[in-house]
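The values are calculated or read from the model by the stated rules, or taken from the named source; none is laboratory data. Keep in mind that this is a model prediction, so the values were computed, not measured. When we count neighbours, we look across all protein chains shown, and the Cβ atoms used for this are built from the backbone with ideal geometry, even at glycine.
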Amino acid sequence: MLLSALLATSLSGCREKPSDPDRTYYSELRAVKKLVVGRMTLSKMATIDDIRLSEAQGLKQTASALLAAIKPGSRKAAYSYDTYLRAYIDLEKLTPADISLSADGKSMQLTLPAIEIEFTGRDAEIREEHYRVTGLRSEINADERAALKEEMNRLLKEEVRQNPAFTSRLTELAKTKAVTYFTQWGRSQGIDVSIRFKD
Amino acid sequence: MKLLSILRWTVLLALTATVIFLAIRFKNSPEASTHKIQQALVTEIKPAMELCTVEFIEDVPIKAHIGTRHIFARTTLSGFISFDLDSAATRMKGDTIIVTLPPETVEIHESTLPGSYEVIDTWNEKLLGSTRFTTAEENDIKRKVIDNFRRKIYAKGYVRQARADAAATLSQMLSAMSASPVEISDPAPGGYFKP
């Protein structure tokens, strides 16, 4: 919407081009600092169940498994929550060499800083998908949920780091959005912009 | 004879109380469980075009009670203030383009840094009373903490600053992008939050 309006006015407008266009465009873009170009939501689920005696390792786990076997009742639950990531371009990393305008001022080579991805946070709340604690089994308390969430968070970050499929989908989408945006921006200037990204 | 009867009843009562006490302790004794954690799933992925001007991260204590049950915890909240450039409205006034600064998006989440949520203590004023908070109760407490934090963000002037920065950045960026003069209009310099 914003770019369409600018495009419309620039086509009919008659303002002069800046005297040092490379520098001007560089300053304009750099002023934006952090431009967010994509978002992603990841969901993680975990279940709580008894340790089986056959699976118990070490004295502590064996004691817990024995206690669970002695105590009458069931203790099962499932929890989930969302984590948020965003893709952005840090335009402060732009250098004057990244913008190169042709002599006739009709085409531009723009090399944008690489798309960066960061975690913006996770839900403070946790979704209780299932809860069944019966008999003499102890209820699942806030401590245990906090410890579970911590473990889920650690594994999720490890998963995202180890599996590039998560970030590559977001990076591709973000690149497409950035290319569309800057191409339109160039068009509003009457410039054919060719965009590349740094690695 | 009467003394013997009183003694008998006292011992019986003491035994019953001990059995009840031990049963409650046994039921509430901490239990170790296995955690089966599923693979993460992408539930949403979307393009965006947002200007981000302010970011924050803060440790926040959580102190709350429901009836006689109390909880004390600590959380690290992180967030940012951004502006959706795709939703910025524009209109012409003579040969000047008036761009209206869109409403700010104030996102507040629990941080993903290690140890961002820690339950320090839970207790009950009543002897042998439950110290358990259900998930719904805990979520409700956390929601209130985030609502209070949001109010603080506005009260401290972070949003006002973010809007001023966004207006300045947009003005600088759009003035050179357009052939016509550009003016940024901000109908709500203090932000759009209504407590």
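Sort through A:44, A:33 and tell me the only one that's at positive phi and at pLDDT 60 or above. First the steps, then the outcome.
On the way: A:44 fails: at positive phi.
After ruling out the rest, the residue left standing is A:33.
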Pair list, Cβ < 6 Å and 6+ apart or interchain, from the stretch B:36-48 residues that are at the interface with chain A (Cβ under 7 Å from one of its Cβ atoms) and under 20 Å from residue A:76 (Cβ atoms) to residues that are among the aliphatic types (A, V, I, L, M) and in a strand (DSSP E or B)
B:37/A:46; B:38/A:45
May I ask you to list the residues in the stretch A:140-196 that are closer than 30 Å to residue A:73 by Cα, without any contact (Cβ under 8 Å) to a residue 60 or more places away in the chain and not small (Gly, Ala, Ser)?
A:141, A:143, A:150
I need a count of the residues in the stretch B:74-96 that are in contact with a Pro (Cβ under 7 Å, 6 or more places away or on another chain) and buried (at least 21 other Cβ atoms within 10 Å of the Cβ).
2
Would you mind finding the one in B:46, B:36, B:93, B:2 that is basic (Lys, Arg) and closer than 30 Å to residue A:115 by Cβ?
B:46
In the list A:98, A:123, A:199, A:104, which residue meets the criterion of being without any contact (Cβ under 8 Å) to a residue 40 or more places away in the chain and either of a type outside the set (Val, Ile, Thr) or surrounded by fewer than 20 Cβ atoms within 10 Å (Cβ to Cβ) (or both)?
A:104
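Name the strands (runs of 3 or more DSSP E) wholly within the stretch A:116-199 that hold at least 2 residues that are over 20 Å from the mean Cα position of the chain (by Cα) and of a type outside the set (A, V, I, L, M, F, W, C)? Please lay out each step first, then the result.
Details: elements: A:116-122, A:127-133, A:192-197.
Where strands (runs of 3 or more DSSP E) fall fully within the stretch A:116-199 and carry at least 2 residues being over 20 Å from the mean Cα position of the chain (by Cα) and of a type outside the set (A, V, I, L, M, F, W, C), they are A:127-133, A:192-197.
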Looking only at the stretch B:154-164, decide whether some residue is touching a strand residue (DSSP E or B) at 6+ places or on another chain (Cβ under 6 Å), of a type outside the set (Gly, Ala, Ser), facing chain A (nearest Cβ under 9 Å) and within 30 Å of residue A:92 (Cβ to Cβ).
no
Looking across the stretch A:163-186 at residues that are over 22 Å from residue A:34 (Cα atoms) and within 11 Å of chain B (Cβ to nearest Cβ), the single one that is surrounded by the most Cβ atoms within 10 Å (Cβ to Cβ) is A:163
